[in-house]
Each structure stands twice: as structure tokens, then as C-alpha cells.
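Worksheet for the structure shown next.
The numbers here are math on the coordinates, done by the rules we state, and not lab data. Note that the structure is a prediction, hence the values are computed from the model and not measured. Cβ sites come from the backbone with ideal geometry, for glycine too, and all protein chains shown count toward neighbours.
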Amino acid sequence: MKAFGALCMVSFLSACAAPRPALPPLAKVTAPERWRESGGVETSTAADWWKLFGDPVLDDLVAKALERNTDLLIAGTKVGEARAQFRSAASRLSPSIALDGRAGRSRSVNPFGVGVDQAQATGELTISYEVDLFGRVSAISDAARKAFQASEFARDVTQISLTATVVSGYALLRGLDEQLLLVEETVKSRELELAVVRRRTEAGYGSKLELAQAQSALEAAARLVPATRRSIAQQENALSVLVGDVPGDILRGKRVESMLRIPVPGALPSELVRRRPDIAEAEMRLASTDRSLDAARARFLPTFQLSGAGGGVASTLLGDPISLFSLGGSILAPLFQGGELRAQADAAAARRDAAAFAYRGTVLKAFEEVENAMTGVDRLFQEQEALDRQVAATTTALDLARRRYRSGYASYLEQLDAERSLLEVRLQALSIRSERVTAAIALYRSLGGGWTR
């Protein structure tokens, strides 16, 4: 009869918990059958993909960043924190054992008015254990374990992002170096042009206007030198901090042109889920909140506690020590708490749904990043080809303008326009090469940077 009553109470409390809420339908996401752009050849990406550039200087920078970068070190401490929280939650699945020992000496008066000295010592070992009949404790432990796994994936996200940022920053730095060489070369060229115009003016073949225009063109090019050096210094400082150093100089390795030879990776959309740690992290966050929902729902049900204790007492007033023990159990069932348990379960369900939508958003963002990177690789290559043709045409135009000016068939302004156009398109061509390298790096990063589950 007592067992029947307990069964009825459990059934009643179970009925108080509403049916388990399902995942929201809008949280589902389906991978596209193919990418909009063709992408590279489908292949697995090495975890040390940056070594494909064959630049020892770059390899050293990445190695230093992976060892000393502040953000990555912080991510590692968060993994340690999550691991400790998981161990704490998992410990509740084991019995709790405690030892209590006391000793003392006292003097009192007995009923006959005689002083009595007493020395007494007690020791007790207690054991308690919560019977996880309805899975509440295991759900809490599972939620902590999945949160710990999510923190590991989050550290991997930071590592892949850091690697891509270092490689991109290095490519940008080498591109700025080449831009500096170009503007310095332009300054020397315009110094020679100024000398030519000055001689023509002194000989009576040119005007002071042309001389002033040549001087202005020289100063315009000279202004680009400190501006480019400032950009180089800022990029060096940024790279130094990324690798865990104080701002300073960065060694140089290969040129940007050689970095363009890196093979372009590829992957099927359906494989992206297992190749990106941010998706794995979002999945584990969702799984953790789902188990937390199970734990919140289990609070509607009774908890069972077993306990036992054993020990002894020794005293000078006793002939022999006395052994003591106790065994027992308890049950605690929630009957009325003003809707607190229902509110906690609803909040847990809302957090689970939010994690589901976050997972969907992460997957969609991953698809977007891959598409953008593939588009960048393809379109920037086409843009570079067009710019190379424009550089060739503008070089020819400048050569013709110089001939016309020196033959007296055109003004110096025509030559200046051609020089400005050539400098502009050559700078753009150098910039496009750096952008092509960073686009390839972005593709490696968006495809997971060699990470696999």
C-alpha cells in the first residue's frame, strides 16, 4: 500500500511537468547542394596549411602566436575553468564521505558534590548519496561536460582565427613593402623628370608653369613615402602584439608574388559542419542547454537521499569504547513553490531554443563566409588580370606622352596625367595581389583551417 502511494505521488508530480518542448522548426538548417562559385579542388586541408607558403619567417611568426598570443592563452584558461566545473558537477554522481573527530577534557561535579575529571574522544564516518532515480544529477553532469567540450571548440576557433589573422597581416605587410618600393622608385623618376623640365625651362623650351607642375608632382609622390612607412610601422606593431611581443620590427621573408602560388582548397557544403570548430561549439552549446532543460524538468520529481554513519565514543568514565551507527533514507518531493519550478523549466527551454537559433545562425554564417571567400578568390584573379592589362596600356600611354612632350607636340600636363594614372594603377595592382593572398587565407579559414572533429 505504501509503495502504491509513492507510485501515485510520482505519477502526480510527473503530470505536473508539461510535455517536453520540441526544438523550434525554424532552427533547422539544410546545407546547399553546391556552392555558387566553383571553388578549389575538394581536398583535406592540413592543420599547418600556412606552411604551404614555404616562408620560414611566416612559420616562426605563427609558432610564436600559437604559443604566446593573449587571446589564445585566455581561451585556454576558459577551457580549464569549464573542465573544473564539469568535474564539480560529475562529483555529485558519487557518494559524499566525511569524517568527524572530536576530543576534549572537562571537570564537573557529580550529584554527591565530588569533582570528576573526564577525558572523551568521539569519531564518526558519515556517507551520503543521492539516488539519481530520475536522471537529474546525470543531466547536470552531462550539461557541464558538453559545456566543457564547447569551450575546447571555442579555443580551436580562436586558434584558427589567430593563425589566419597572422598570415593575412604578414601578407599585407609584404604588400606594403612593395608599395613602398614603388613610391620610392616613382620619387626617383620624378626627380629625373624635374631635372629635365628645369633644363628645358632654362633653355627656353619650357615654362615656369611646367616647372611648378613637375615640382608639385614630385612632392605628391614624396608624400606617399612617409605615409606608406607609417602604414608599415602600424602593421608591424599589430603583428608584434599578435605574436605576444611588444610593438617592434618584423623580419621579412618571401614576396607577395610567391605567396600567390598557394593551392586553393575546396570542400562540399555538406562537409562544412564537421570541418568548422565554431559549428561544433554551437552544437555543444545547444546540447548543453538541452541537458540543462532535462535537469530543470527533473526538479518536478522527488529526490531520494541515502545516508549512513558509524563511529565510536571513548571516555574515562566508560570501561570500554562504545560503537555507534545509523542508517536512513529520505525523500523530498516538491508540492507547491508558487510556480518557481515551472518558471525555471520555461527559462531553460528558452535558453535551449536560443542556442538552437544560435546554431542555425553559426551554420548560415559559415556558408556565407565560404561563399564570400570563393567569390573573392575568383573575382580578384579576374580583377588582377584586368589591372595587369591596364598597367601595360597605361605604361604605353606614358611612353607616348613623354615622346610627344619632348618633341613639342603636347604639354607637360599630358605627361603628368599619364604618370599619375600609371602610379595609381600600379598601386592598385600591388594591392590586388595582397588581397588575392588574403582571400585565399580567408578560404582556408572559412573551410575550417584543417580542423576536423
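Going by average Cβ density within 10 Å per residue, which order do the peptides 256-266, 122-132 take, highest to lowest?
256-266, 122-132
Between S128 and Q428, with labels modelled 7 Å along Cα→Cβ, what's the label distance in nm to one decimal, could you check?
With each label placed 7 Å out from Cα toward Cβ, I get 7.6 nm.
Suppose R0 equals 51 Å; then what is the FRET efficiency for D245 and A386 from their Cβ-Cβ distance, rounded to the nearest 0.05?
My answer for the efficiency is 0.80.
Can you show me the helix-derived [θ] at 222 nm for the chain, built from DSSP H runs with n ≥ 4 at -39,500 (n - 2.57) apiece and divided by the number of residues, rounded to the nearest 500.
Rounded to the nearest 500, the figure is -22500 deg cm²/dmol.
Tell me the label-point distance for the pair R87, S323, using the 7 Å Cα-to-Cβ offset, in nm and rounded to one decimal.
Computed distance between label sites R87 and S323 equals 3.6 nm.
I'd like the FRET efficiency for A233 and A47, computed as 1/(1 + (r/R0)^6) with the beta carbon distance as r and R0 of 22 Å, rounded to 0.05.
The pair A233/A47 has a calculated efficiency of 0.10.
Rounded to the nearest 20 debye, what is the charge dipole size of the chain about its Cα centre when +1 sits on each Lys and Arg Cβ and -1 on each Asp and Glu Cβ?
Its charge dipole is roughly 400 debye.
Work from the charge dipole of the chain (Cβ charges, +1 for Lys and Arg, -1 for Asp and Glu, about the Cα centre) and give the residue of V197, Y129, T165 farthest towards its positive end.
Y129
Rounded to whole Å and ordered largest first, report the semi-axes of the equivalent ellipsoid of the range 254-293 derived from its Cα gyration tensor (root of 5λ).
Its equivalent ellipsoid spans semi-axes of 37, 13, 4 Å.
What are the semi-axes of the equivalent ellipsoid for the chain, taken as the square roots of 5 times the Cα gyration tensor eigenvalues, largest first, in whole Å?
Gyration-tensor ellipsoid for the chain: 77, 29, 17 Å.
In whole Å, what are the Cα extents of the range 154-222 along the three principal axes, biggest one first?
If we take the Cα atoms of the range 154-222, the spans are 73, 15, 10 Å.
Reachable lysines from K64, Cα under 16 Å, same-chain residues fewer than 8 places away excluded?
Within reach: K51.
K28: which lysines have alpha carbons under 28 Å from its alpha carbon, excluding same-chain residues fewer than 8 sequence positions away?
Excluding near neighbours in sequence, the set is K146, K365.
Provide the gained length on full extension for the span A347 to E184, in nm with one decimal, where the gain is 0.36 nm per separating residue minus the Cα-Cα distance.
Here the answer is 52.3 nm.
For the residue pair L335 and R223, what label-to-label distance in nm results when each label sits 7 Å from Cα along the Cα-to-beta-carbon direction?
The modelled label-to-label distance comes out at 8.6 nm.
Let me check I have the definition right: for the range 46-186, take the eigenvalues of the Cα gyration tensor, multiply each by 5, take square roots. What are those semi-axes in whole Å, largest first?
Taking √(5λ) for each Cα gyration eigenvalue gives 67, 22, 10 Å.
For R403 and A358 in one chain, what is 0.36 nm times their gap in residues minus the Cα-Cα distance, to one decimal in nm?
Contour length minus Cα-Cα distance gives 9.8 nm.
Of all DSSP beta bridges in the chain, what percent run antiparallel (nearest 5)?
95 percent
Percent of Cα-Cα pairs more than 20 Å apart in the range 152-277, please.
64 percent
Please work out the Cα center distance from the range 245-301 to the range 218-237, rounded to the nearest Å.
Computed from Cα coordinates, the inter-centre distance equals 36 Å.
For the range 361-453, treating each Cα as an identical point scatterer without solvent, what Debye log10 I(q)/I(0) comes out at q = 0.16 1/Å?
-0.72
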